[in-house]
Amino acid sequence: MTALALAMPRAHRSADDLAREFIARFLRIALVTLGLLLIAAGALIAPLPGPMGLPLTVVGLMLVLRNSFKARKQFVRFQHAHPKLIFPLRRLLRREPEVVLVAWQQALRIERLIVPRKWRVAVRWRKSLKRRPVKQAGR
């Protein structure tokens, strides 16, 4: 009988437990709200010159995805439905984001969408930089 009593959860929670749960829930709601505001601000700033809309959107998305189970579930569904759209964003959401590589990949994609094939220069620049021998400082 003692083992059964130890395995059962407590029926009554203390006031401290309830207060911790309330504070945690309030903090999670506040962080999700802040994340949604940052995403909205990033969407508004995105048309302006410079890349300031993307970092705001990524930080906001990080806050929302870390604090909302429903948002995380929807993000995973969207990721399975459209992996090519979400892949660059997932690379930016990592602990050590590959910002330069993602920016280069997106520049190549935009160039491929907009610029005619004979005028594309980004791939040629990358190939010419790869072919150049590296100069050594000591010689």
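The values are calculated or read from the model by the stated rules, or taken from the named source; none is laboratory data. This is a predicted model, so every value here is computed, not measured. Positions of Cβ are generated from backbone atoms using ideal geometry, with glycine treated the same way; all protein chains shown enter the neighbour counts. Heavy atoms of the whole protein, side chains included, go into the accessibility calculation; ligands, DNA and RNA do not. Shrake-Rupley method; radii C 1.70, N 1.55, O 1.52, S 1.80 Å.
Here are the numbers:
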quantity	calculated
Number of the exception - Leu89 against (1) open to solvent by 100 Å² or more (accessible area, probe 1.4 Å); (2) within 15 Å of Leu54 (Cα to Cα); (3) of a type in the set (A, V, I, L, M, F, W, C)	(1)
Among residues of region 51-78, those that are closer than 19 Å to Ala107 by Cβ and open to solvent by less than 50 Å² (accessible area, probe 1.4 Å), counted	3
